[in-house]
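Readers should treat all values here as calculations from the given coordinates under stated rules, not as data from a laboratory. All values reported here derive from a predicted model rather than from experimental measurement. Ideal geometry is used to build each Cβ from the backbone, glycine not excepted, and the neighbour counts take in all protein chains shown.
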Amino acid sequence: MRNRPRRLIKMVMAMGACALIAIGSPAGANPMADAVTADDCLPGSDLRTKSGTEVHDPNELSPAQAVAREREVNSILAGLPTHRTTIQAQVTIPVVFHVIMENDTRAGGNLPDSMIDAQIRVLNEAYAGATGGPDSGFRFELVKTTRTVNPAWYGVGYGSAEERQMKSALREGGNDTLNVYAANIGDGLLGWATFPQRNASSTDGVVILNESMPTGSAAPYNLGDTATHEVGHWMNLYHTFQGGCNGKGDHVDDTAPEASPAFECPTGRDSCTKKSGTDPIHNFMDYTHDSCMFEFTTGQVSRMQDAWTAYRA
C-alpha cells in the first residue's frame, strides 16, 4: 500500500470555481500538470497525504481565500441572536458511516463493525481532549452504517465523477450530520473533507482510506487519526501550516506558525525561526504520524464552536 504511486496534489480555487492540478514528483526532469475542469473539483475541500520520497503540497487555501472564509463566518455570527452565538456545553454529532466495497469480503473492503466502533471511539477521545488539549464539547454517535458493493466507488478519487455519484446516492441527514465514506482511495491519499458551507450539498462529508482506521494495514497511519484530521476540516479548521510563516496562518492564535507540513514525528522542529514557538507537530491538523498527533488547541476549539454555530447548528 505504501508503494502506491503518489502525486503531488494542489487545489487552486476561485470564487465559485476551482481546478485540481496533479503535478509529478519534483525529482522528475519533466513534471506533468493536468488541469481538471471546475465541474470535476469539489468546492471547499482539503486532503491528507502520506509521507514519502515526494514532497506533498497541501491543499491549502490562499491567504485571500482564507480571509474570505473568515469574513463569511464572522458575518453569519454577527447576524445571529445573541443566545445562538454560544455553543451548548456538549453537542452530539450523528454519524452515518458508509463502507464502500469492491466485494463483500474483508479483503474487498468489508470492514467489521468492531473497526467502525473503534474509529468512533478515536473521534470521541480526540474531541473530548482525552489524549491531550481541551475538551471541544463535541461528541460523535454512530447512528447508521451502510455497506455498498461498487468497484468503481471502491477506488474513488478526489474530485471525481465517482465521488459525486457515491455521495449523491448515499449521503444522509442535514448540515449537522457527519457522513464518513471509507474506501480504498487512490493517489497515495489518506483522506479529504469539505469545509462547512451555508447550504451544504450532497458533497458534504469526509472520505478516508479504509485501512487508516484502527487496526487497519496503513501503518503508521492506522490509529484512526486521519478521520480526526478530516473531521477537523469539516469543522472549519485549516492545516497548522496554512499560510506558512507569514500573515495569519491558520487563523488560530495559539498554534505556532509552520512553514510546511511535518511528516513522521520531528521533535523540536522549528520551520519559522523568526516567529515564536516550535512547530505544532502534535496537533491533529498537521501531517505527522498518527502516533505523534494527539491534541487540538483552545483556539481551534473556539474556531470549531463558532463554525458549528454559523454553519451546522
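The phi torsions of the stretch 130-136, fed into the Karplus equation with coefficients 6.51, -1.76 and 1.60 and a -60° offset, translate into couplings of 5, 9, x, x, x, 6, 6 Hz, rounded to whole numbers, with Gly and Pro shown as x.
Expressed as a whole percent, the proportion of Cα-Cα pairs in the stretch 94-253 lying more than 18 Å apart is 58%. Modelled this way, with points 7 Å down the Cα-to-C-beta line, the labels at Asp104 and Cys265 are 4.1 nm from one another. Between the listed residues Met166, Leu189, Gln119, the Cα displaced farthest toward the positive end of the dipole of the stretch 107-253, a dipole computed from Cβ unit charges relative to the Cα centre, is found at Met166. For Leu142, the residues whose amide H sits under 5 Å from its own are Val95, ignoring neighbours fewer than 5 places away on the same chain, with H placed 1.01 Å from N. Computed packing ranks the peptides 130-142, 266-278 as 130-142, 266-278, most packed first, by mean other Cβ atoms within 10 Å.
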